[in-house]
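Where a number appears in this text, it was derived from the coordinates with a stated rule and is not lab data. A quick note: this is a predicted structure, and the numbers were derived from the prediction, not measured. Cβ: placed from backbone, ideal geometry, glycine included. Neighbour counts: every protein chain shown.
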Amino acid sequence: MDVGNMWKDCLDFIERKVGKSAYDLWFKPIKLIELKENNATLSVPNRFFREWIEDNYPRLISDAFEWAAKDIINVQFKIDQEPVADVIRKDSVEQTRKAKLAGKGIFLNPKYTFDTFVVGPSNQFVHAAALAVSESLGKTYNPLFIYGDVGLGKTHVITAIGNKVADMLPNANVIYVSSEQFTNEVVSAIRHEKMSDLKEKYRNVDILLLDDVQFIANKTQTQVEFFHTFNALYEKQKQIVISSDRPPKELSDITDRLKSRFTMGLIADIQHPTVELKMAILQKKAELHKIILPEDMIYFLATKIKSNIRELEGCLIKLAAHSNLTGRPINISLAKDVLKDIFTDELKPVTADYIQKVVCDFFGIKLPELKSKKRTKEIALPRQTAMYITKKLTELSLGDIGKAFGGKDHATVIYACKQIESKMENDEAFSKTAEYLINKIKP
Ligand code: ADP
Ligand code: MG
């Protein structure tokens with residue numbers, strides 16, 4: 001097959017996955033320069049592109065190749081511009097660390113350390129707890145349960161614990177695993193009758209870092225396996241650290257016995273950062289990436305970007321990548337050009353699609369189920385909640401809301417709103433959940 005066409009197919013695949021604006025910004029400028037056997041070399045304009053793509057879309061390009069070439073292709077990047085010497089040094093230190101740990105079977109992002117974690121009022125409690133845990137494994141707080149909204153530093157801080165432990169105790173067995181990966185491993189172990197290998201792997205660690213535990217909602221067998229892993233580690237006083245996007249009691253569809261385990265140690269939450277903390281983080285990130293960021297831009301970005309720290313960092317990297325590419329300095333005018341969608345997003349009204357997505361994510365159900373005719377409690381409650389929120393936060397008519405939920409009539413929507421209103425009055429826990437969702441969705 002023609003190499004040029006193959007790359008075009010890959011790009012189409014990528015555009016479908018990430019949407020037009022991310023595609024134009026990050027993927028369109030990439031070129032395929034060589035495809036030999038199963039190795040592809042891609043050229044990217046500068047190192048910001050490579051880092052951003054590796055951190056944020058780690059599997060996307062290989063998935064695109066797999067789809068276009070029907071084969072597994074190893075992807076390598078070649079950077080068009082010569083990087084600055086300091087940056088090479090930092091890169092190579094990180095890569096060496098990563099390789100060294102990988103040699104011991106430990107996979108941790110080397111960038112996420114306590115040194116690079118900026119502390120402020122919103123995260124100092126989590127920071128202190130994480131440090132304490134890394135200095136006395138299994139003794140102070142076990143488990144340590146960290147929760148907070150997306151992009152506020154949960155993965156960073158739990159990885160920092162892992163990196164610190166790996167540094168201090170070279171023989172320690174550290175495992176970082178996302179709940180999705182853990183689930184996949186359980187599924188695969190069941191299928192290939194390798195359950196004992198899985199037990200062996202997870203029950204012989206010194207510290208287990210389980211990221212985004214909310215994803216094991218509804219996955220019964222994964223929960224059973226994790227429950228036994230937890231008990232085995234706990235009994236041996238091995239450290240367990242768990243992250244989640246919500247506190248234990250709000251984890252729906254996770255068994256009570258597991259939830260009660262989560263509350264046995266310390267629960268710590270990361271809150272939304274203050275403007276000052278956002279400014280300090282921007283300064284730190286600019287320093288780490290060797291980006292020249294004028295004082296007024298630091299303030300501008302810190303006040304303009306409300307959502308989270310990932311977004312903040314993303315904007316900084318986008319600006320740097322484009323400033324580097326075009327030679328324009330980083331200033332407000334570049335920001336207005338490059339960060340267009342962020343500035344317009346803020347003004348966009350809430351849509352039913354968006355509400356449905358947030359509600360589905362929260363309850364751990366799929367969108368087609370939400371829009372289906374199913375009346376089981378697991379589906380009906382999320383559906384009615386989403387309808388209620390749509391009525392509350394959008395200008396849509398009852399009929400339009402019904403349509404957006406898979407063609408229901410307006411009486412169904414009225415009924416849903418009534419149900420939710422009365423449930424909110426009578427059920428305090430549910431009322432908290434609903435308020436939490438509304439706050440999350442509101443612009
Ligand atoms: P979460 O896991 O909560 O969704 P991450 O840990 O992935 O969030 O953080 C998102 C990005 O923000 C990462 O690049 C991380 O380095 C950065 N970040 C978050 N909090 C801080 C902090 N306090 N100091 C420095 N960087 C931070
Ligand atoms: Mg995370």
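Compute, for segment 230-383, the length of the dipole vector about the Cα centre, with Cβ point charges of +1 (Lys, Arg) and -1 (Asp, Glu) only. Units Debye, rounded to 20.
620
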Quiz item: Suppose every K and R has +1 on its Cβ and every D and E has -1 on its Cβ; what is the size of the dipole of segment 48-124 about the Cα centre, in Debye to the nearest 20?
Solution: 340
Quiz item: Applying the Karplus parametrisation 6.51 cos²θ - 1.76 cosθ + 1.60 with θ = phi - 60° to the phi angles of segment 151-166, what ³J(HN,Hα) value in whole Hz is obtained for each residue in order, glycine and proline being reported as x?
Solution: x, 9, x, 5, 4, 4, 6, 6, 5, 4, 4, x, 4, 5, 4, 4
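Taking the highest mean first, how do the peptides 298-309, 35-46, 95-106 order by number of other beta carbon atoms within 10 angstrom per residue? Before the final figure, lay out the partial values.
Details: 298-309: 17.6, 35-46: 15.8, 95-106: 13.0.
Going by the mean number of other Cβ atoms within 10 Å, highest first, we get 298-309, 35-46, 95-106.
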Quiz prompt | Taking only Cα atoms of the chain, radius of gyration then Dmax in Å | solution = 23.5, 67
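What shape does segment 252-409 take by its C-alpha gyration tensor, where a ≥ b ≥ c are the square roots of the eigenvalues and a/c under 1.5 counts as rounded, a/b above b/c as prolate, and the rest as oblate?
Working: a/c = 3.17, a/b = 1.64, b/c = 1.94.
Here segment 252-409 falls in the oblate category.
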Self-check item: Two-decimal Rg to Rh for segment 1-92 - Kirkwood Rh, Cα set
Solution: 0.97
Practice problem: Would you mind checking which residues have amide H under 5 Å from Leu42's amide H? H placed 1.01 Å from N; only 5 or more apart, or other chain. | Solution: Ile33, Gln76, Phe77, Lys78
Quiz item: By per-residue mean of other Cβ atoms within 10 Å, what is the highest-first order of 321-332, 230-241?
Solution: 230-241, 321-332
Quiz item: Once phi is turned into θ = phi - 60°, what whole-Hz ³J(HN,Hα) does the Karplus curve with 6.51, -1.76 and 1.60 give for every residue of segment 205-222, x standing for Gly and Pro?
Solution: 10, 8, 8, 10, 10, 10, 9, 6, 4, 4, 6, 8, 4, 6, 9, 4, 5, 4
Quiz item: So which lysines can Lys219 reach, going by Cα to Cα under 16 Å and dropping same-chain residues fewer than 8 places off?
Solution: Lys259, Lys366
Self-check item: At 1.002 mPa s and 20 °C, Stokes D of segment 124-270 from Kirkwood alpha-carbon radius, µm² per second
Solution: 142
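When the dipole is taken about the Cα centre of the chain, and only Lys, Arg (+1) and Asp, Glu (-1) are charged at their Cβ, what size is it in debye, to the nearest 20?
Numbers: 64 positive and 59 negative charges, 119 e Å.
Its charge dipole is roughly 580 debye.
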Practice problem: Just list whichever of Lys285/Lys357; Lys104/Lys284; Lys340/Lys440; Lys304/Lys336; Lys304/Lys442 have alpha carbons separated by over 19 Å in the model shown. | Solution: Lys285/Lys357; Lys104/Lys284; Lys340/Lys440
Quiz item: Which of Ser179, Ala102, Phe65 sits farthest toward the positive end of the charge dipole of the chain, with +1 on the Cβ of Lys and Arg and -1 on the Cβ of Asp and Glu?
Solution: Ser179
